[in-house]
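Reading through the structure tokens given below for one structure.
The values are calculated or read from the model by the stated rules, or taken from the named source; none is laboratory data. Given the structure is predicted, the values throughout are model-derived calculations rather than measurements. Virtual Cβ from ideal backbone geometry, glycine too; neighbours counted across all protein chains shown.
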């Protein structure tokens, strides 16, 4: 009996724990080489706006115009005070841009980098880090809009605002894992990126970005059935000086752990096939 237990323990360490720890070591090594993926991500943004006057700040200008137009129109439609609605919409829009852009582009994480994958022996996680860091840099550019709106409308800062930093890191880790998972699926099934694009263009209307959960009245719980609501709330609400719902924090934490484990398992099983798929 003791020998059977020892054999089972050995098999567990060899087949599950050891491979998992090896993948974690690869992730840590790739993350430590931040100069590489940060440089590539920054170069992606520079190449996108090369030979333009404002560079990446064109995106800030475009989003500013969009937010101003939406704030004026939707505040009239919903009969809301512009002073209250403007900061809420701004916080929601810049956070939604990070989430939506990452998920939409995640299906092409590896397909769009096929030349590198097929010719250079770089860690497979680098491509997901490249995508998420590029969108985080874009988020930081857009964050300037929220700062200006907050100063203009004297937005409240509370102790809950400090929650933004750890919860933002939690969201980034989640999006990093999703980028890898969706990237593998998108490399194997080329319809998947198109499905993501179509879904994200619709999901914004059923996610409390342009509207508030309170507007649903007694049916407010319906908003929490949308997983993206929780991703949005954990960084939007601290920016507004509010504490995110505990259910949202727990949900995102659990989902992040599940996604991270799924990423490691998929990398172990499919990373050597990606070069053939792309």
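Taking the criterion of being more than 13 Å from residue 101 (Cβ to Cβ) and out of contact with any helix residue (DSSP H, G or I) (no Cβ under 8 Å at 6 or more places or on another chain), the residues of region 177-203 that qualify are 189, 191, 194, 195, 198, 199, 202.
Note on region 200-253: residues that are under 25 Å from residue 144 (Cα atoms) and assigned to a loop (DSSP other than H, G, I, E, B) total 11.
Quick grid of which residues meet (1) touching a helix residue (DSSP H, G or I) at 6+ places or on another chain (Cβ under 8 Å); (2) surrounded by 20 or more Cβ atoms within 10 Å (Cβ to Cβ); (3) without any contact (Cβ under 8 Å) to a residue 12 or more places away in the chain; (4) on the phi > 0 side of the Ramachandran plot:
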| residue | (1), (2), (3), (4) |
| --- | --- |
| 49 | yes, no, yes, no |
| 61 | no, no, yes, no |
| 66 | yes, no, no, no |
| 69 | no, no, yes, no |
| 75 | yes, no, yes, no |
| 80 | yes, no, yes, no |
| 98 | yes, yes, no, no |
| 108 | yes, yes, no, no |
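Which of the residues belonging to region 125-163 are free of Cβ contacts under 8 Å to residues at least 24 places away in the same chain and outside any helix (DSSP H, G or I)? Selection gives 154 alone.
Every residue in region 204-223 that is within 16 Å of residue 246 (Cβ to Cβ) and out of contact with any helix residue (DSSP H, G or I) (no Cβ under 7 Å at 6 or more places or on another chain), please. Reasoning before the result, please.
Of all residues in region 204-223, those within 16 Å of residue 246 (Cβ to Cβ) come to 213, 220-221, 223.
Listed by number, the list holds a single entry, 221.
Taken together, the criteria exclude residue 259 from residues that are within 24 Å of residue 105 (Cα to Cα), touching a helix residue (DSSP H, G or I) at 6+ places or on another chain (Cβ under 6 Å), modelled with pLDDT of 95 or more and in a helix (DSSP H, G or I). Out of all the residues in region 109-124, is one or more farther than 21 Å from residue 209 by Cα, under 11 Å from the mean Cα position of the chain (by Cα) and assigned to a helix (DSSP H, G or I)? There is no residue in region 109-124 that is farther than 21 Å from residue 209 by Cα, under 11 Å from the mean Cα position of the chain (by Cα) and assigned to a helix (DSSP H, G or I). Within the bounds of region 5-18, is there any residue that is loosely packed, with under 12 Cβ neighbours inside 10 Å, outside any loop (DSSP other than H, G, I, E, B) and modelled with pLDDT of 65 or more? Scanning region 5-18 turns up at least one residue that is loosely packed, with under 12 Cβ neighbours inside 10 Å, outside any loop (DSSP other than H, G, I, E, B) and modelled with pLDDT of 65 or more.
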